[in-house]
Amino acid sequence: MSVRSPQPEPAADGEDSGASASVPYSELSADTLIRRERPAPKGGWRRALYTVTGGRINPGDSKTEQRRQELEAAVGRAPLPDEHQSIVVLGTGAEVGTTTVALGLGSVLAAHRGDRVIAVDGDPERAPITERMALKWHAELPMQELIASPDAAVRYSEMNRFTAQTTYGLDVLASAPDDTASRPLGMESLRRISDAVERHYPLQLVDAGSGLQRPGVPVLLGRCTRLVLVTPATRDGAIAAANVLEEVKGTAPGTLAESAVVVLAKGPSGGPGSSPETDDLERQMGERCARALQLPEDQHLGSGRPIDLADLRAPSALALLELAVEITEGFARPERSKRPDPRDR
């Protein structure tokens, strides 16, 4: 049995062999020495081409997919601070999309982080927010029992009886159909809910509905660490958002308004993409708060439709990820001054 020599065989008649025509040392890079395998595309025609050719042709992921993966990684790696994080999603008017944003953002956080994340129905005068998500399981007990007996959820296993969970791992504390319209949440009710949630969850999203006039909103803002303000992507919507931010400055002392994120939600007539006008609105609102971004129109985010991240168009999915990155990157920013609890006023 012969053994191949570790050295190349000399060429006959003084001629160079194929091995001697090697790449110059200056061109020997990691890519020429190691055949790097490009990851298989995640979907679309790129995945189809990869599949039908048995992997021989691999166009790689699109720039959009690469951006999605970058944002998902950023959401997952942001460290959570010791302080409980309460993200309040507030609208400038009715039907602007607060539930859509709260559940979409909560789903992204739950899907890409290992923390316990819960979405709280802070405006039970509307239909329960659980109607907008596919659920793994439903709550055993209604929210009103938690309000009536806050000591009933001292342990996490007891809290689970009041919450549903979505297919993305997002816990949901929602109103029951019998609670809507007849029992609006007041300040004391929201305090009791907040006490129970903060005991078990480091991160919560609150769907606060629209406007600052409801009696329980000061409690939500008093415990809020980050405000997300949803408004139509119109000039009137931007004016309304600016007015709400001014009101928040008076309602919630501290930097809550300055650190807010304004979501410019595009309606069906606005089309899915950006425009010079909405780009200008985004720039102007960004000067009044920490960040403004556009949420494109998407039939899968329409009013009343179940929210499933897998069904979203790429621009909508990226917008929710951008929002999640803005929220999670805020975890590492300098701690703001503690806002007083409204009960102490």
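Among the listed residues Ser157, Ser175, identify the single one that is polar (S, T, N, Q) and modelled with pLDDT of 90 or more.
Checking each option against the conditions leaves just Ser157.
From (1) more than 18 Å from the chain's Cα centre (by Cα); (2) within 20 Å of Gly186 (Cα to Cα), pick out the condition that doesn't hold for Ile129.
Among (1) more than 18 Å from the chain's Cα centre (by Cα); (2) within 20 Å of Gly186 (Cα to Cα), Ile129 violates only (1).
What's the number of the only condition in (1) touching a Pro at 6+ places or on another chain (Cβ under 8 Å); (2) surrounded by fewer than 23 Cβ atoms within 10 Å (Cβ to Cβ) that Ser175 fails to meet?
Ser175 satisfies all of (1) touching a Pro at 6+ places or on another chain (Cβ under 8 Å); (2) surrounded by fewer than 23 Cβ atoms within 10 Å (Cβ to Cβ) except (2).
Restrict the check to the stretch 294-315 and report whether at least one residue is modelled with pLDDT under 95, of a type in the set (Lys, Arg) and crowded, with 16+ Cβ neighbours inside 10 Å.
No - not one qualifying residue is present in the stretch 294-315.
Return the residue satisfying two criteria in turn: it lies in the stretch 243-253 and is in contact with a Pro (Cβ under 9 Å, 6 or more places away or on another chain) and in contact (Cβ under 8 Å) with a residue 60 or more places away in the chain, and of such residues it is nearest to Leu205 (Cα to Cα).
If we take residues in the stretch 243-253 being in contact with a Pro (Cβ under 9 Å, 6 or more places away or on another chain) and in contact (Cβ under 8 Å) with a residue 60 or more places away in the chain, then Ala252 is nearest to Leu205 (Cα to Cα).
Listed residues Thr130, Thr167; which is of a type in the set (Ser, Thr, Tyr), assigned by TED's automatic domain parsing to the domain that holds Thr100 and closer than 27 Å to Leu212 by Cβ?
Checking each option against the conditions leaves just Thr130.
How about the stretch 71-97: which of its residues are under 26 Å from Asp195 (Cα atoms), assigned to a loop (DSSP other than H, G, I, E, B) and either free of Cβ contacts under 8 Å to residues at least 24 places away in the same chain or polar (S, T, N, Q) (or both)?
Matches in the stretch 71-97: Asp82 only.
Considering the stretch 288-316 alone, what residues qualify as being closer than 19 Å to Leu170 by Cα and in a loop (DSSP other than H, G, I, E, B)?
Those that are closer than 19 Å to Leu170 by Cα and in a loop (DSSP other than H, G, I, E, B): Gly304, Arg305, Pro306, Ile307, Asp308, Leu312.
The values are calculated or read from the model by the stated rules, or taken from the named source; none is laboratory data. Keep in mind it's a predicted model, so treat the numbers as computed, not measured. As a convention, Cβ positions derive from the backbone with ideal geometry for all residues, glycine included, and neighbour counts pool all protein chains shown.
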